[in-house]
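To start, the structure under review is shown below, and the notes come after it.
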Amino acid sequence: MKASVPPKTENFKLSMLLSDTRYRGTSLQVITFIIFVAVFFWLVDNTLKNLALLGKDVSFNFLFLRAGYDINQRLIPYTSDSTHGRAAFVGILNTLLVAFVGCIFATILGLFVGILRLSKNWLVAKLMSVYIEGFRNVPVLLWIVMIFALLTEFTPAPKAFKGADPQATMLFFDSIAVTNRGTYFPAPVFGEGSGWLVLSIIISVLLVIFIKRRANKQKKETGKSLPTFWIGLSIIVLPTFALYFILGKPISLEYPFLKGFNFKDGIHLRNSFLALTLALALYTSAFIAEIVRAGILAISKGQTEAASSLGLKPNKIMNLIILPQALRIIVPPLISNYLNLTKNSSLAIAVGYMDVRGTLGGITLNQTGRELESMLLLMGFYLCVSLMISSIINYYNRSFQIVVR
């Protein structure tokens with residue numbers, strides 16, 4: 001019986017990097033990466049040479065120079081003597097504020113409209129359809145300008161001159177004033193002992209989260225559900241109210257009041273901020289509503305019918321059976337809408353709201369002449385915010401995915 005002869009191993013040749021299927025894929029990827037890096041460095045080198053010919057260099061020292069301009073809406077102290085870096089930071093905070101408030105409002109409204117569009121009431125369903133199609137098919141810039149015009153032209157002045165339109169009056173027990181210069185809300189004033197009250201609220205919230213998780217675990221194991229809503233509400237409200245009076249009311253409210261021809265004190269939300277936030281939220285909510293509707297319709301009707309046969313009410317069916325499953329379909333597309341809302345906030349310059357596009361990418365750019373540096377910083381900011389939003393929503397989305405055993 002002849003012994004089997006092992007096959008001869010072929011010596012490695014350079015031509016095998018492209019001809020041999022074992023190496024071809026890796027070789028093409030390496031070549032593509034080298035070409036990409038070479039083109040990138042060529043573009044950088046070409047840009048630096050062209051800037052040198054113009055007598056410019058790449059420097060970010062302009063961020064430490066005096067800004068010399070005012071910002072009407074700001075969350076931190078700022079004056080015209082502050083640096084361009086601080087002005088850019090004020091713009092960043094303004095952008096994040098619009099994005100945060102807009103995403104929350106758009107999510108709540110989109111969920112509400114999406115569910116109502118599936119209503120069996122013909123009038124309600126058609127009204128929601130008109131809402132969705134109306135906002136989706138009109139550019140968001142037009143909605144921003146229109147809402148700003150409505151807030152400016154159809155609201156009263158803080159104090160009218162003789163023979164002019166009626167002046168603004170306080171609403172909701174003399175606590176809120178809506179004027180053509182903005183809306184004024186009561187501002188919280190933190191006194192001595194307020195830190196203990198805030199700490200009590202934080203501990204209560206953490207305790208509610210712990211109880212909620214324990215209740216969910218018990219429900220999965222035994223099928224028994226606890227009234228976590230009322231338990232959580234009692235844990236947060238009762239200790240907070242008791243400690244509030246024990247500490248002698250450490251937190252009070254500063255109400256706006258009319259002084260001269262404008263209101264003073266309180267929290268002042270300018271019409272530019274309100275118009276931008278409302279327009280972005282309403283526009284985005286129309287898209288979210290369609291996502292919600294598609295997610296609900298993707299769940300089999302048999303599950304709804306089975307739940308109804310067990311005697312569950314429609315609201316219980318929606319909250320306990322339909323929505324938990326639909327979230328697996330609804331949450332992933334929400335990322336794109338949140339990102340679009342955040343990036344669309346750069347249209348704030350249309351109504352005079354000073355976001356990061358208006359500060360760093362607007363006045364600072366024009367004053368310093370640092371176009372490349374300003375645009376790089378602006379692009380880096382939007383990239384970081386987009387990646388952060390995507391990471392948070394993806395982490396949240398993983399908690400809804402079906403775990404395969």
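Can you list the lysines whose alpha carbon sits under 18 Å from that of LYS159, skipping same-chain ones fewer than 8 residues off?
Hits, sequence-local ones excluded: LYS259, LYS264.
By DSSP, what percent of the beta bridges with both residues in the chain are antiparallel, rounded to the nearest 5? Spell out each step's value before the answer.
Values: 16 of 17 bridges.
So the antiparallel bridges amount to about 95 percent of the total.
Can you find, among SER336, TYR382, THR277, the residue sitting farthest towards the positive end of the charge dipole of the chain, where Lys and Arg contribute +1 and Asp and Glu -1 at Cβ?
It is SER336, whose Cα lies furthest towards the positive end.
Roughly how many debye, to the nearest 20, is the charge dipole of the chain about its Cα centre, given +1 on each Lys and Arg Cβ, -1 on each Asp and Glu Cβ, and no other charges? Intermediate results must be reported in sequence, preceding the final value.
On the way: 38 positive and 19 negative charges, 341 e Å.
Computed about the Cα centre, the dipole is about 1640 debye.
In whole angstrom, note down how far apart the Cα centers of the range 302-335 and the range 223-266 are.
34
Hydropathy first: keep DSSP H helices in the chain averaging at least 0.0 on Kyte-Doolittle, then drop any whose Cα extent along the axis falls short of 18 Å, and list what survives.
Numbers: long enough: 21-53 (48 Å, 0.94); 84-117 (48 Å, 1.75); 122-136 (21 Å, 0.78); 140-153 (19 Å, 2.43); 194-222 (42 Å, 0.53); 228-246 (27 Å, 1.97); 271-297 (38 Å, 1.51); 323-344 (30 Å, 0.39); 371-398 (40 Å, 0.91).
Sorted by number, the helices that extend far enough and score high enough are 21-53, 84-117, 122-136, 140-153, 194-222, 228-246, 271-297, 323-344, 371-398.
Taking only the Cα atoms of the range 281-376, how large is their convex hull per residue, in Å³?
Numbers: hull volume 10.2 nm³, N = 96.
Enclosed volume per residue, from the Cα hull, is 106 Å³.
Which is the longest run of the chain containing none of the chymotrypsin sites (Phe, Trp or Tyr not before Pro) found in DSSP loop states (not H, G, I, E, B) with at most 11 other C-beta atoms within 10 Å? Write down the numbers at each step before the final one.
On the way: sites that count: PHE12, PHE154, PHE161, PHE172, PHE173.
In the chain, the maximal stretch lacking such sites is 174-405.
Compute the longest continuous run of the chain that contains no exposed GluC sites (Glu not before Pro); treat a site as exposed when its DSSP state is not H, G, I, E or B and it has at most 15 other Cβ atoms within 10 Å.
For GluC sites (Glu not before Pro) (loop position, at most 15 other Cβ atoms within 10 Å), the longest site-free span of the chain is 193-405.
With the cut-off at 20 Å, report for the range 231-324 the share of all Cα pairs above it, as a whole percent.
Working: 3095 of 4371 pairs.
So the pairs more than 20 Å apart make up 71 percent of the total in the range 231-324.
Which whole-angstrom value gives the distance between the alpha carbon centres of the range 12-48 and the range 356-398?
After rounding, the separation between the Cα centres reads 31 Å.
Quick one: what does P(r) look like for the chain with 10 Å bins over all Cα pairs, in whole %?
Final binned percentages: 4, 13, 19, 23, 19, 11, 6, 3, 1, 1, 0, 0, 0.
Considering just Cα atoms, how many Å³ per residue does the convex hull of the range 32-97 enclose?
Details: hull volume 8.1 nm³, N = 66.
Per residue, the Cα convex hull of the range 32-97 comes to 122 Å³.
Less than 14 Å Cβ to Cβ from VAL351, Lys/Arg counted +1 and Asp/Glu -1: what total charge do the surrounding residues give?
Numbers: positive: ARG181, ARG270, ARG357; negative: GLU153, ASP355.
Neighbourhood net charge equals +1.
What dipole magnitude, in Debye to the nearest 20, does the range 139-233 give about its Cα centre under +1 on Lys/Arg Cβ and -1 on Asp/Glu Cβ?
Working: 10 positive and 5 negative charges, 151 e Å.
Charge dipole of the range 139-233: 720 debye, to the nearest 20.
Pairs LYS249/LYS316; LYS219/LYS313; LYS120/LYS212; LYS301/LYS343; LYS120/LYS343: which exceed 29 Å Cα-Cα?
On the way: LYS249/LYS316 40 Å; LYS219/LYS313 19 Å; LYS120/LYS212 33 Å; LYS301/LYS343 37 Å; LYS120/LYS343 36 Å.
Beyond 29 Å between Cα atoms: LYS249/LYS316; LYS120/LYS212; LYS301/LYS343; LYS120/LYS343.
Laboratory data are not the source of any read-out in this text; all were calculated from the coordinates shown. All of these numbers come straight from a predicted model, not from anything done at the bench. Note: ideal-geometry Cβ built from the backbone for every residue, glycine included; neighbour counts use all protein chains shown.
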